[in-house]
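The values are calculated or read from the model by the stated rules, or taken from the named source; none is laboratory data. Quantities reported herein were computed from a predicted structural model and do not represent experimental measurements. Cβ: placed from backbone, ideal geometry, glycine included. Neighbour counts: every protein chain shown. What goes into the accessible areas is simple: the full protein's heavy atoms, side chains included, and nothing from ligands, DNA or RNA. Shrake-Rupley method; radii C 1.70, N 1.55, O 1.52, S 1.80 Å.
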Amino acid sequence: MAFNDLLKQLGDIGRFQQIQVTLVILPLLLMSSHNTLQNFTAAIPTHHCRPPAHANLSEDGELEAWLPRDRQGRPESCLRFTSPPWGFPVANGTEANSTEATEPCTDGWIYDNSTFPSTIVTEWDLVCSHRALRQLAQSLYMVGVLLGGTIFGCLGDRLGRQKMLILSHLQMAVSGVCAAFAPSFPIYCTFRLLSGMAASGIVLNNLEWMPIHTRAHVGALAGYVFSLGQFVLAGVAYAVPQWRHLQLLVSVPFFAFFIYSWFFIESARWYASSGRLDLALKALKRVAQINGKQDEGAKLSMEVLQSSLQKELTLGKGQASAIELLRCPTLRHLFLCLSMLWFATSFAYYGLVMDLQGFGVSIYLIQVIFGAVDLPAKLVCFLVINHLGRRPAQLASLLLAGICLLVNGLIPQDQSIVRTSLAVLGKGCLASSFNCIFLYTGELYPTMIRQTGLGMGNTMARVGSIISPLVSMTAELFPSMPLFIYGTVPVVASIVTAFLPETLGYPLPDTMQDMKNRRRGRPQRRQQEQQKQMVPLQASARERNGL
(Lines give C-alpha, C1' and ligand atoms only; values in the text may rest on other atoms or scores of the structure.)
Protein backbone atom coordinates (compact mmCIF):
# COMPACT_ATOMS: atom_id res chain seq x y z
CA MET A 1 0.00 0.00 0.00
CA ALA A 2 1.50 3.37 -1.06
CA PHE A 3 1.49 6.36 1.26
CA ASN A 4 -1.13 8.03 -0.93
CA ASP A 5 -3.42 5.03 -0.37
CA LEU A 6 -2.74 5.34 3.33
CA LEU A 7 -4.00 8.94 3.29
CA LYS A 8 -7.15 7.83 1.50
CA GLN A 9 -7.70 5.14 4.13
CA LEU A 10 -7.41 7.73 6.90
CA GLY A 11 -10.09 10.00 5.49
CA ASP A 12 -8.93 11.17 2.05
CA ILE A 13 -10.04 14.83 2.09
CA GLY A 14 -11.67 14.64 5.49
CA ARG A 15 -12.20 17.25 8.17
CA PHE A 16 -8.48 17.58 8.89
CA GLN A 17 -7.50 18.16 5.25
CA GLN A 18 -10.28 20.70 4.76
CA ILE A 19 -9.25 22.71 7.83
CA GLN A 20 -5.56 22.45 6.95
CA VAL A 21 -6.06 23.66 3.38
CA THR A 22 -8.23 26.58 4.49
CA LEU A 23 -5.75 27.78 7.09
CA VAL A 24 -2.72 27.34 4.81
CA ILE A 25 -4.29 29.14 1.84
CA LEU A 26 -5.83 32.00 3.84
CA PRO A 27 -2.52 33.93 4.20
CA LEU A 28 -2.21 33.97 0.38
CA LEU A 29 -4.89 36.68 0.31
CA LEU A 30 -2.54 39.17 1.96
CA MET A 31 0.68 37.67 0.63
CA SER A 32 -0.42 38.56 -2.91
CA SER A 33 -1.07 42.07 -1.60
CA HIS A 34 2.55 42.33 -0.44
CA ASN A 35 3.79 41.36 -3.92
CA THR A 36 2.17 44.40 -5.57
CA LEU A 37 1.82 46.62 -2.50
CA GLN A 38 4.30 49.15 -3.86
CA ASN A 39 1.84 50.15 -6.59
CA PHE A 40 0.12 52.12 -3.81
CA THR A 41 2.74 52.70 -1.11
CA ALA A 42 5.20 53.97 -3.74
CA ALA A 43 2.73 55.74 -6.02
CA ILE A 44 4.10 58.90 -7.67
CA PRO A 45 1.71 61.86 -7.32
CA THR A 46 1.86 64.89 -9.56
CA HIS A 47 4.69 67.13 -8.39
CA HIS A 48 6.76 70.16 -9.30
CA CYS A 49 9.66 72.13 -7.89
CA ARG A 50 9.24 74.19 -4.76
CA PRO A 51 10.19 77.85 -5.41
CA PRO A 52 13.14 79.27 -3.44
CA ALA A 53 12.57 80.51 0.08
CA HIS A 54 12.90 84.18 -0.99
CA ALA A 55 10.06 83.90 -3.51
CA ASN A 56 6.94 85.97 -2.81
CA LEU A 57 4.02 83.61 -3.51
CA SER A 58 1.33 86.04 -2.40
CA GLU A 59 0.79 87.23 -5.97
CA ASP A 60 -1.57 85.21 -8.18
CA GLY A 61 0.24 83.10 -10.73
CA GLU A 62 3.70 83.63 -9.27
CA LEU A 63 4.09 79.93 -8.49
CA GLU A 64 3.53 79.08 -12.16
CA ALA A 65 6.07 81.72 -13.09
CA TRP A 66 8.82 79.61 -11.54
CA LEU A 67 7.86 76.45 -13.46
CA PRO A 68 9.00 75.75 -17.04
CA ARG A 69 6.57 73.96 -19.36
CA ASP A 70 7.11 70.78 -21.36
CA ARG A 71 5.98 70.26 -24.98
CA GLN A 72 2.44 69.42 -23.84
CA GLY A 73 2.23 72.63 -21.82
CA ARG A 74 2.45 70.88 -18.46
CA PRO A 75 4.71 72.12 -15.64
CA GLU A 76 8.09 70.41 -15.54
CA SER A 77 8.47 68.02 -12.62
CA CYS A 78 12.21 68.29 -12.12
CA LEU A 79 13.18 71.80 -13.20
CA ARG A 80 12.48 75.39 -12.20
CA PHE A 81 13.60 78.80 -13.42
CA THR A 82 16.52 80.37 -11.62
CA SER A 83 14.32 83.47 -11.47
CA PRO A 84 10.76 84.04 -12.77
CA PRO A 85 10.83 85.29 -16.39
CA TRP A 86 7.65 87.27 -15.87
CA GLY A 87 9.38 89.80 -13.64
CA PHE A 88 7.40 89.23 -10.42
CA PRO A 89 8.76 90.96 -7.32
CA VAL A 90 10.63 88.76 -4.89
CA ALA A 91 10.43 88.90 -1.08
CA ASN A 92 12.77 91.92 -0.64
CA GLY A 93 10.55 94.06 -2.89
CA THR A 94 12.91 94.18 -5.87
CA GLU A 95 11.97 92.84 -9.26
CA ALA A 96 13.65 89.65 -10.42
CA ASN A 97 15.71 89.70 -13.58
CA SER A 98 13.95 88.13 -16.56
CA THR A 99 15.79 84.97 -17.51
CA GLU A 100 14.87 81.52 -18.74
CA ALA A 101 17.79 79.67 -17.18
CA THR A 102 16.65 76.55 -15.31
CA GLU A 103 18.00 74.54 -12.41
CA PRO A 104 17.11 71.34 -10.50
CA CYS A 105 14.68 71.39 -7.58
CA THR A 106 17.21 72.34 -4.93
CA ASP A 107 14.48 73.32 -2.41
CA GLY A 108 12.44 70.13 -2.75
CA TRP A 109 9.07 69.47 -4.35
CA ILE A 110 5.40 70.28 -3.92
CA TYR A 111 3.16 67.19 -4.28
CA ASP A 112 -0.49 66.86 -5.22
CA ASN A 113 -1.90 64.97 -2.22
CA SER A 114 -5.49 64.69 -3.46
CA THR A 115 -5.17 61.01 -4.49
CA PHE A 116 -2.19 59.82 -2.46
CA PRO A 117 -1.86 61.78 0.81
CA SER A 118 1.36 59.99 1.72
CA THR A 119 3.67 57.55 -0.05
CA ILE A 120 7.33 56.60 0.31
CA VAL A 121 7.92 58.79 -2.74
CA THR A 122 6.58 61.95 -1.09
CA GLU A 123 8.17 61.16 2.27
CA TRP A 124 11.68 60.54 0.97
CA ASP A 125 11.49 62.52 -2.33
CA LEU A 126 12.06 59.52 -4.61
CA VAL A 127 11.55 61.56 -7.77
CA CYS A 128 13.68 63.02 -10.55
CA SER A 129 17.32 62.07 -9.94
CA HIS A 130 16.24 59.72 -7.11
CA ARG A 131 13.44 58.09 -9.09
CA ALA A 132 15.47 54.89 -9.59
CA LEU A 133 15.42 54.25 -5.83
CA ARG A 134 11.68 53.58 -6.03
CA GLN A 135 12.28 50.69 -8.43
CA LEU A 136 15.20 49.51 -6.32
CA ALA A 137 12.86 48.97 -3.36
CA GLN A 138 10.69 46.58 -5.38
CA SER A 139 13.72 44.78 -6.79
CA LEU A 140 15.08 44.26 -3.27
CA TYR A 141 11.73 42.74 -2.26
CA MET A 142 12.09 40.26 -5.14
CA VAL A 143 15.68 39.57 -4.10
CA GLY A 144 14.22 38.60 -0.74
CA VAL A 145 11.78 36.23 -2.46
CA LEU A 146 14.72 34.61 -4.26
CA LEU A 147 16.77 34.26 -1.08
CA GLY A 148 13.77 33.00 0.87
CA GLY A 149 13.15 30.21 -1.63
CA THR A 150 16.64 28.88 -0.96
CA ILE A 151 16.88 29.53 2.78
CA PHE A 152 13.38 28.43 3.79
CA GLY A 153 13.56 25.47 1.42
CA CYS A 154 16.61 24.20 3.32
CA LEU A 155 14.98 25.00 6.67
CA GLY A 156 11.88 23.08 5.63
CA ASP A 157 13.99 19.99 4.99
CA ARG A 158 16.03 20.35 8.18
CA LEU A 159 13.54 21.72 10.74
CA GLY A 160 10.24 20.55 9.29
CA ARG A 161 7.38 22.04 7.30
CA GLN A 162 5.48 23.33 10.33
CA LYS A 163 8.42 25.14 11.91
CA MET A 164 9.32 26.70 8.57
CA LEU A 165 5.75 27.97 8.15
CA ILE A 166 5.67 29.33 11.72
CA LEU A 167 8.93 31.18 11.15
CA SER A 168 7.74 32.56 7.79
CA HIS A 169 4.50 33.94 9.26
CA LEU A 170 6.37 35.53 12.18
CA GLN A 171 8.98 37.09 9.90
CA MET A 172 6.31 38.47 7.56
CA ALA A 173 4.42 39.99 10.49
CA VAL A 174 7.45 41.55 12.19
CA SER A 175 9.20 42.80 9.05
CA GLY A 176 5.95 44.17 7.61
CA VAL A 177 5.12 46.10 10.78
CA CYS A 178 8.70 47.38 11.10
CA ALA A 179 8.57 48.59 7.47
CA ALA A 180 5.48 50.63 8.40
CA PHE A 181 7.52 52.44 11.08
CA ALA A 182 10.78 52.70 9.12
CA PRO A 183 12.44 56.09 9.81
CA SER A 184 14.52 56.08 6.63
CA PHE A 185 14.46 54.63 3.13
CA PRO A 186 17.42 52.20 3.60
CA ILE A 187 15.75 50.72 6.71
CA TYR A 188 12.47 50.43 4.80
CA CYS A 189 14.21 48.52 2.00
CA THR A 190 15.82 46.17 4.51
CA PHE A 191 12.50 45.20 6.03
CA ARG A 192 10.90 44.83 2.59
CA LEU A 193 13.68 42.40 1.65
CA LEU A 194 12.91 40.39 4.79
CA SER A 195 9.21 40.44 3.87
CA GLY A 196 10.06 39.00 0.46
CA MET A 197 11.99 36.18 2.11
CA ALA A 198 9.02 35.38 4.33
CA ALA A 199 6.61 35.43 1.39
CA SER A 200 8.70 32.83 -0.38
CA GLY A 201 8.68 30.63 2.74
CA ILE A 202 4.89 30.76 2.92
CA VAL A 203 4.51 29.71 -0.73
CA LEU A 204 6.89 26.77 -0.29
CA ASN A 205 4.37 24.90 1.86
CA ASN A 206 3.39 22.01 -0.43
CA LEU A 207 0.40 20.49 1.39
CA GLU A 208 1.93 17.05 1.83
CA TRP A 209 -1.12 15.90 3.76
CA MET A 210 -3.25 16.04 0.60
CA PRO A 211 -3.72 12.90 -1.54
CA ILE A 212 -2.20 13.11 -5.03
CA HIS A 213 -5.52 13.24 -6.89
CA THR A 214 -6.55 16.40 -4.97
CA ARG A 215 -3.36 18.45 -5.29
CA ALA A 216 -4.20 19.86 -8.72
CA HIS A 217 -7.51 21.13 -7.37
CA VAL A 218 -5.83 22.59 -4.29
CA GLY A 219 -3.27 24.29 -6.52
CA ALA A 220 -6.05 25.82 -8.62
CA LEU A 221 -7.83 26.96 -5.46
CA ALA A 222 -4.63 28.59 -4.20
CA GLY A 223 -4.26 30.37 -7.55
CA TYR A 224 -7.77 31.80 -7.34
CA VAL A 225 -7.23 32.91 -3.72
CA PHE A 226 -4.03 34.62 -4.85
CA SER A 227 -6.01 36.48 -7.54
CA LEU A 228 -8.71 37.36 -5.02
CA GLY A 229 -5.98 39.04 -2.97
CA GLN A 230 -5.63 41.62 -5.73
CA PHE A 231 -9.25 42.66 -5.16
CA VAL A 232 -8.56 42.89 -1.44
CA LEU A 233 -5.54 45.12 -2.04
CA ALA A 234 -7.50 47.50 -4.27
CA GLY A 235 -10.27 47.92 -1.69
CA VAL A 236 -7.95 48.28 1.30
CA ALA A 237 -5.66 50.74 -0.53
CA TYR A 238 -8.65 52.88 -1.53
CA ALA A 239 -9.94 52.95 2.07
CA VAL A 240 -6.49 53.50 3.61
CA PRO A 241 -4.46 55.86 1.35
CA GLN A 242 -1.74 56.60 3.94
CA TRP A 243 1.15 54.31 3.05
CA ARG A 244 2.23 53.55 6.62
CA HIS A 245 -1.30 52.62 7.65
CA LEU A 246 -1.71 50.45 4.54
CA GLN A 247 1.61 48.68 5.16
CA LEU A 248 0.55 48.03 8.74
CA LEU A 249 -2.91 46.79 7.81
CA VAL A 250 -1.69 44.06 5.42
CA SER A 251 1.04 42.93 7.86
CA VAL A 252 -0.66 42.69 11.28
CA PRO A 253 -2.93 39.71 10.33
CA PHE A 254 0.20 37.57 9.93
CA PHE A 255 0.49 37.56 13.72
CA ALA A 256 -2.80 35.62 13.76
CA PHE A 257 -1.47 33.27 11.06
CA PHE A 258 1.66 32.80 13.19
CA ILE A 259 -0.40 31.85 16.25
CA TYR A 260 -2.61 29.23 14.61
CA SER A 261 0.36 27.72 12.71
CA TRP A 262 1.45 26.20 16.03
CA PHE A 263 -1.59 23.91 15.87
CA PHE A 264 -0.69 22.39 12.48
CA ILE A 265 0.32 18.74 12.42
CA GLU A 266 3.80 18.15 11.05
CA SER A 267 4.08 16.27 7.76
CA ALA A 268 4.28 12.49 8.29
CA ARG A 269 6.36 12.28 5.12
CA TRP A 270 8.94 14.65 6.59
CA TYR A 271 9.01 12.75 9.89
CA ALA A 272 9.65 9.52 7.99
CA SER A 273 12.33 11.04 5.74
CA SER A 274 14.07 12.27 8.91
CA GLY A 275 14.06 8.76 10.37
CA ARG A 276 11.43 9.53 13.04
CA LEU A 277 8.86 6.88 12.17
CA ASP A 278 7.44 6.93 15.70
CA LEU A 279 6.42 10.59 15.31
CA ALA A 280 5.08 9.90 11.82
CA LEU A 281 2.90 7.11 13.22
CA LYS A 282 1.67 9.38 16.01
CA ALA A 283 0.79 12.15 13.50
CA LEU A 284 -1.12 9.73 11.27
CA LYS A 285 -3.13 8.39 14.20
CA ARG A 286 -4.04 11.94 15.19
CA VAL A 287 -5.18 12.75 11.65
CA ALA A 288 -7.30 9.57 11.63
CA GLN A 289 -8.93 10.67 14.88
CA ILE A 290 -9.77 14.16 13.53
CA ASN A 291 -11.26 12.61 10.39
CA GLY A 292 -13.39 10.21 12.43
CA LYS A 293 -11.41 7.15 11.29
CA GLN A 294 -10.36 5.87 14.71
CA ASP A 295 -10.73 2.23 13.64
CA GLU A 296 -8.45 2.74 10.63
CA GLY A 297 -5.96 4.59 12.80
CA ALA A 298 -5.89 1.76 15.29
CA LYS A 299 -4.83 -0.64 12.53
CA LEU A 300 -1.69 1.37 11.82
CA SER A 301 1.59 -0.11 12.97
CA MET A 302 5.27 0.52 12.39
CA GLU A 303 5.42 -2.30 9.82
CA VAL A 304 2.53 -0.85 7.79
CA LEU A 305 4.13 2.59 7.88
CA GLN A 306 7.51 1.34 6.71
CA SER A 307 5.87 -0.48 3.81
CA SER A 308 3.83 2.56 2.82
CA LEU A 309 6.79 4.97 2.87
CA GLN A 310 9.20 2.71 1.02
CA LYS A 311 8.55 4.28 -2.41
CA GLU A 312 8.71 7.86 -1.10
CA LEU A 313 12.01 7.21 0.67
CA THR A 314 13.48 5.58 -2.45
CA LEU A 315 12.55 8.58 -4.61
CA GLY A 316 13.97 10.90 -1.96
CA LYS A 317 17.33 9.16 -2.22
CA GLY A 318 17.23 9.61 -5.98
CA GLN A 319 16.73 13.35 -5.61
CA ALA A 320 19.91 13.68 -3.55
CA SER A 321 22.07 13.08 -6.65
CA ALA A 322 19.69 14.75 -9.10
CA ILE A 323 22.07 17.64 -9.78
CA GLU A 324 24.41 15.16 -11.45
CA LEU A 325 21.74 14.47 -14.06
CA LEU A 326 22.10 18.02 -15.41
CA ARG A 327 25.09 16.69 -17.28
CA CYS A 328 22.64 14.79 -19.47
CA PRO A 329 22.08 16.63 -22.81
CA THR A 330 18.31 15.97 -22.70
CA LEU A 331 17.94 17.49 -19.25
CA ARG A 332 20.22 20.38 -20.14
CA HIS A 333 17.97 21.13 -23.13
CA LEU A 334 14.88 21.03 -20.89
CA PHE A 335 16.51 23.27 -18.30
CA LEU A 336 17.52 25.95 -20.80
CA CYS A 337 14.12 26.03 -22.52
CA LEU A 338 12.07 25.98 -19.32
CA SER A 339 14.30 28.59 -17.68
CA MET A 340 13.55 30.91 -20.57
CA LEU A 341 9.81 30.32 -20.15
CA TRP A 342 9.90 30.95 -16.39
CA PHE A 343 12.05 34.07 -16.78
CA ALA A 344 9.94 35.55 -19.60
CA THR A 345 6.62 34.97 -17.83
CA SER A 346 7.72 36.53 -14.54
CA PHE A 347 9.68 39.33 -16.24
CA ALA A 348 6.74 40.52 -18.34
CA TYR A 349 4.15 39.89 -15.60
CA TYR A 350 5.80 42.08 -12.97
CA GLY A 351 6.78 44.64 -15.57
CA LEU A 352 3.08 45.03 -16.33
CA VAL A 353 1.46 44.83 -12.88
CA MET A 354 4.01 47.12 -11.20
CA ASP A 355 3.32 50.08 -13.52
CA LEU A 356 -0.39 50.67 -12.98
CA GLN A 357 0.04 54.45 -13.06
CA GLY A 358 1.27 54.31 -16.65
CA PHE A 359 -2.14 53.60 -18.20
CA GLY A 360 -3.84 56.91 -17.50
CA VAL A 361 -6.82 55.52 -15.53
CA SER A 362 -7.60 55.16 -11.84
CA ILE A 363 -4.98 52.99 -10.19
CA TYR A 364 -7.65 51.42 -7.95
CA LEU A 365 -9.88 50.56 -10.89
CA ILE A 366 -7.12 48.94 -12.93
CA GLN A 367 -6.01 46.93 -9.89
CA VAL A 368 -9.53 45.46 -9.68
CA ILE A 369 -9.62 44.82 -13.43
CA PHE A 370 -6.22 43.12 -13.34
CA GLY A 371 -7.49 40.84 -10.58
CA ALA A 372 -10.76 40.11 -12.36
CA VAL A 373 -9.14 39.10 -15.66
CA ASP A 374 -7.33 36.23 -13.90
CA LEU A 375 -10.59 34.40 -13.25
CA PRO A 376 -11.67 33.75 -16.86
CA ALA A 377 -8.03 33.58 -18.05
CA LYS A 378 -7.19 30.70 -15.72
CA LEU A 379 -10.40 28.90 -16.68
CA VAL A 380 -9.61 29.20 -20.40
CA CYS A 381 -6.07 28.02 -19.73
CA PHE A 382 -7.39 24.99 -17.85
CA LEU A 383 -9.63 24.04 -20.78
CA VAL A 384 -6.93 24.55 -23.42
CA ILE A 385 -4.21 22.54 -21.69
CA ASN A 386 -6.60 19.65 -21.13
CA HIS A 387 -7.99 19.51 -24.69
CA LEU A 388 -5.34 20.96 -27.04
CA GLY A 389 -2.20 20.33 -25.01
CA ARG A 390 0.37 22.03 -22.81
CA ARG A 391 2.65 23.22 -25.59
CA PRO A 392 -0.06 25.08 -27.60
CA ALA A 393 -1.36 26.70 -24.42
CA GLN A 394 2.12 27.82 -23.34
CA LEU A 395 3.07 29.09 -26.80
CA ALA A 396 -0.21 30.96 -27.35
CA SER A 397 -0.27 32.60 -23.91
CA LEU A 398 3.28 33.97 -24.21
CA LEU A 399 2.95 35.01 -27.85
CA LEU A 400 -0.36 36.81 -27.33
CA ALA A 401 0.95 38.52 -24.17
CA GLY A 402 4.04 39.74 -26.01
CA ILE A 403 2.00 41.05 -28.94
CA CYS A 404 -0.31 42.97 -26.57
CA LEU A 405 2.66 44.63 -24.89
CA LEU A 406 4.39 45.49 -28.16
CA VAL A 407 1.23 46.99 -29.67
CA ASN A 408 0.62 48.90 -26.44
CA GLY A 409 3.97 50.58 -26.89
CA LEU A 410 2.76 52.00 -30.20
CA ILE A 411 -0.52 53.40 -28.86
CA PRO A 412 -0.45 57.14 -27.97
CA GLN A 413 -0.48 57.94 -24.27
CA ASP A 414 -3.80 59.79 -24.48
CA GLN A 415 -5.74 56.70 -25.67
CA SER A 416 -6.05 55.27 -22.16
CA ILE A 417 -9.00 52.95 -22.91
CA VAL A 418 -7.18 51.14 -25.72
CA ARG A 419 -3.95 50.91 -23.74
CA THR A 420 -5.76 49.59 -20.66
CA SER A 421 -7.65 46.99 -22.72
CA LEU A 422 -4.43 45.68 -24.25
CA ALA A 423 -2.74 45.62 -20.85
CA VAL A 424 -5.63 43.66 -19.31
CA LEU A 425 -5.54 41.12 -22.13
CA GLY A 426 -1.77 40.78 -21.81
CA LYS A 427 -1.99 40.35 -18.06
CA GLY A 428 -4.60 37.61 -18.45
CA CYS A 429 -2.34 35.77 -20.90
CA LEU A 430 0.62 36.02 -18.52
CA ALA A 431 -1.51 34.67 -15.65
CA SER A 432 -2.42 31.74 -17.91
CA SER A 433 1.24 31.26 -18.75
CA PHE A 434 2.06 30.98 -15.04
CA ASN A 435 -0.58 28.29 -14.57
CA CYS A 436 0.64 26.36 -17.59
CA ILE A 437 4.35 26.54 -16.83
CA PHE A 438 3.84 25.09 -13.34
CA LEU A 439 2.04 22.06 -14.78
CA TYR A 440 4.28 21.74 -17.86
CA THR A 441 7.52 21.77 -15.85
CA GLY A 442 6.30 19.07 -13.48
CA GLU A 443 5.33 16.82 -16.38
CA LEU A 444 8.54 17.26 -18.36
CA TYR A 445 11.09 16.42 -15.65
CA PRO A 446 11.43 12.83 -14.38
CA THR A 447 10.35 12.11 -10.82
CA MET A 448 13.89 11.85 -9.48
CA ILE A 449 14.68 15.44 -10.53
CA ARG A 450 11.20 16.97 -10.64
CA GLN A 451 11.46 19.03 -7.44
CA THR A 452 14.91 20.24 -8.42
CA GLY A 453 13.59 21.27 -11.83
CA LEU A 454 10.68 23.17 -10.30
CA GLY A 455 13.11 24.89 -7.93
CA MET A 456 15.34 25.95 -10.82
CA GLY A 457 12.34 27.32 -12.68
CA ASN A 458 11.21 29.28 -9.64
CA THR A 459 14.72 30.72 -9.31
CA MET A 460 14.66 31.97 -12.91
CA ALA A 461 11.22 33.47 -12.30
CA ARG A 462 12.62 35.41 -9.33
CA VAL A 463 15.51 36.66 -11.47
CA GLY A 464 12.96 37.96 -13.97
CA SER A 465 10.96 39.73 -11.26
CA ILE A 466 14.15 41.34 -9.90
CA ILE A 467 15.25 42.71 -13.27
CA SER A 468 11.76 43.78 -14.33
CA PRO A 469 11.42 46.94 -12.16
CA LEU A 470 14.87 48.10 -13.25
CA VAL A 471 13.88 47.94 -16.94
CA SER A 472 11.20 50.55 -16.31
CA MET A 473 14.01 53.07 -15.84
CA THR A 474 14.53 53.01 -19.61
CA ALA A 475 11.39 55.15 -19.88
CA GLU A 476 13.67 58.09 -19.17
CA LEU A 477 15.25 57.52 -22.60
CA PHE A 478 12.03 56.73 -24.46
CA PRO A 479 8.57 56.46 -22.82
CA SER A 480 7.55 53.24 -24.62
CA MET A 481 10.93 51.52 -24.32
CA PRO A 482 9.94 49.37 -21.28
CA LEU A 483 6.85 48.01 -23.08
CA PHE A 484 8.93 47.06 -26.13
CA ILE A 485 11.39 45.19 -23.89
CA TYR A 486 8.63 43.53 -21.85
CA GLY A 487 6.90 42.45 -25.06
CA THR A 488 9.94 41.17 -26.94
CA VAL A 489 11.03 38.71 -24.23
CA PRO A 490 7.79 36.62 -24.13
CA VAL A 491 7.59 36.59 -27.95
CA VAL A 492 11.10 35.10 -28.12
CA ALA A 493 10.22 32.66 -25.32
CA SER A 494 7.13 31.49 -27.22
CA ILE A 495 9.44 30.36 -30.03
CA VAL A 496 11.44 28.32 -27.51
CA THR A 497 8.24 26.46 -26.58
CA ALA A 498 8.24 24.81 -30.00
CA PHE A 499 11.37 22.87 -29.03
CA LEU A 500 9.68 21.17 -26.06
CA PRO A 501 7.74 17.88 -26.30
CA GLU A 502 4.00 17.62 -25.67
CA THR A 503 2.92 15.93 -22.42
CA LEU A 504 -0.86 15.71 -22.82
CA GLY A 505 -1.97 12.09 -22.47
CA TYR A 506 1.48 10.78 -21.52
CA PRO A 507 2.31 9.28 -18.12
CA LEU A 508 4.69 11.14 -15.86
CA PRO A 509 8.30 10.03 -16.43
CA ASP A 510 9.99 8.51 -13.39
CA THR A 511 13.45 7.87 -14.85
CA MET A 512 15.69 9.07 -17.63
CA GLN A 513 14.73 6.02 -19.66
CA ASP A 514 11.07 7.05 -19.46
CA MET A 515 12.02 10.44 -20.90
CA LYS A 516 13.88 8.81 -23.78
CA ASN A 517 10.96 6.49 -24.49
CA ARG A 518 8.54 9.41 -24.53
CA ARG A 519 10.56 11.10 -27.27
CA ARG A 520 9.37 8.33 -29.59
CA GLY A 521 5.88 9.84 -29.39
CA ARG A 522 2.55 8.19 -30.09
CA PRO A 523 3.81 4.68 -30.88
CA GLN A 524 4.73 4.30 -27.21
CA ARG A 525 1.20 5.19 -26.13
CA ARG A 526 -0.32 2.77 -28.65
CA GLN A 527 2.00 0.05 -27.40
CA GLN A 528 0.89 0.71 -23.81
CA GLU A 529 -2.76 0.58 -24.83
CA GLN A 530 -2.20 -2.71 -26.65
CA GLN A 531 -0.50 -4.14 -23.58
CA LYS A 532 -3.45 -3.11 -21.41
CA GLN A 533 -5.85 -4.76 -23.87
CA MET A 534 -3.81 -7.99 -23.75
CA VAL A 535 -4.12 -8.33 -19.97
CA PRO A 536 -7.75 -9.62 -19.85
CA LEU A 537 -7.05 -11.91 -22.85
CA GLN A 538 -4.09 -13.46 -21.07
CA ALA A 539 -6.15 -13.88 -17.90
CA SER A 540 -8.88 -15.67 -19.86
CA ALA A 541 -6.31 -17.99 -21.40
CA ARG A 542 -4.95 -18.89 -17.96
CA GLU A 543 -8.44 -19.65 -16.73
CA ARG A 544 -9.11 -21.96 -19.69
CA ASN A 545 -5.86 -23.79 -18.97
CA GLY A 546 -6.86 -24.24 -15.35
CA LEU A 547 -4.12 -21.98 -13.96
Q. Which condition number does S77 fail, the rest of (1) surrounded by 13 or more Cβ atoms within 10 Å (Cβ to Cβ); (2) closer than 30 Å to Y271 by Cα; (3) modelled with pLDDT of 70 or more being met?
A. (2)
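Can you go through A239, A280 and tell me which one is open to solvent by 20 Å² or more (accessible area, probe 1.4 Å) and without any contact (Cβ under 8 Å) to a residue 60 or more places away in the chain? Explain how you work it out, then say what you get.
Numbers: A280 fails: open to solvent by 20 Å² or more (accessible area, probe 1.4 Å).
Within the list A239, A280, the selection yields A239.
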Q: Can you tell me which residue among S58, S114 is at pLDDT 80 or above and loosely packed, with under 13 Cβ neighbours inside 10 Å?
A: S114
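Consider the range 259-276. How many of its residues are polar (S, T, N, Q) and at pLDDT 80 or above?
Just the residues of the range 259-276 that are polar (S, T, N, Q), to begin with: 261, 267, 273-274.
Remaining after also requiring at pLDDT 80 or above: 261.
Qualifying residue count, the range 259-276: 1.
Each row is one residue, and each column tells you yes or no for (1) touching a Gly at 6+ places or on another chain (Cβ under 8 Å); (2) under 29 Å from F434 (Cβ atoms).
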residue	(1), (2)
A237	no, yes
S267	yes, yes
W270	yes, yes
D295	no, no
Q) Out of the residues in the range 415-433 that are buried (at least 24 other Cβ atoms within 10 Å of the Cβ) and not small (G, A, S), which is nearest to G464 (Cα to Cα)? A) L430
**Q.** Qualifying positions in the range 394-413 - of a type in the set (A, V, I, L, M) and surrounded by fewer than 24 Cβ atoms within 10 Å (Cβ to Cβ)
**A.** L395, A396, L399, L400, I403, L406, V407, L410, I411
Q) For L207, all conditions in the list (1) within 28 Å of the chain's Cα centre (by Cα); (2) modelled with pLDDT of 75 or more; (3) open to solvent by less than 60 Å² (accessible area, probe 1.4 Å) hold save one; what is the number of the exception? A) (2)
Q: List the number of the failed condition for L383; all other conditions in (1) more than 18 Å from Y224 (Cβ to Cβ); (2) free of Cβ contacts under 8 Å to residues at least 40 places away in the same chain; (3) among the aliphatic types (A, V, I, L, M) hold.
A: (1)
Q: Inspect the range 291-307 for any residue being crowded, with 20+ Cβ neighbours inside 10 Å, at pLDDT below 75, of a type outside the set (G, A, S) and not in a helix (DSSP H, G or I) and give the result as yes or no.
A: no
Q: Output the number of residues of the range 176-186 satisfying the condition of being closer than 22 Å to I466 by Cα and open to solvent by 50 Å² or more (accessible area, probe 1.4 Å).
A: 1
Q: Output the residues belonging to the range 120-175 that are over 14 Å from I44 (Cα atoms), outside any helix (DSSP H, G or I) and either open to solvent by 50 Å² or more (accessible area, probe 1.4 Å) or modelled with pLDDT of 85 or more (or both).
A: L159
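Against the definition (part of a helix (DSSP H, G or I), more than 27 Å from I467 (Cβ to Cβ) and without any contact (Cβ under 8 Å) to a residue 24 or more places away in the chain), how does P412 come out, yes or no? Walk me through how you get there before you give the answer.
On the way: part of a helix (DSSP H, G or I): no; more than 27 Å from I467 (Cβ to Cβ): yes; without any contact (Cβ under 8 Å) to a residue 24 or more places away in the chain: yes.
The answer is no for P412.
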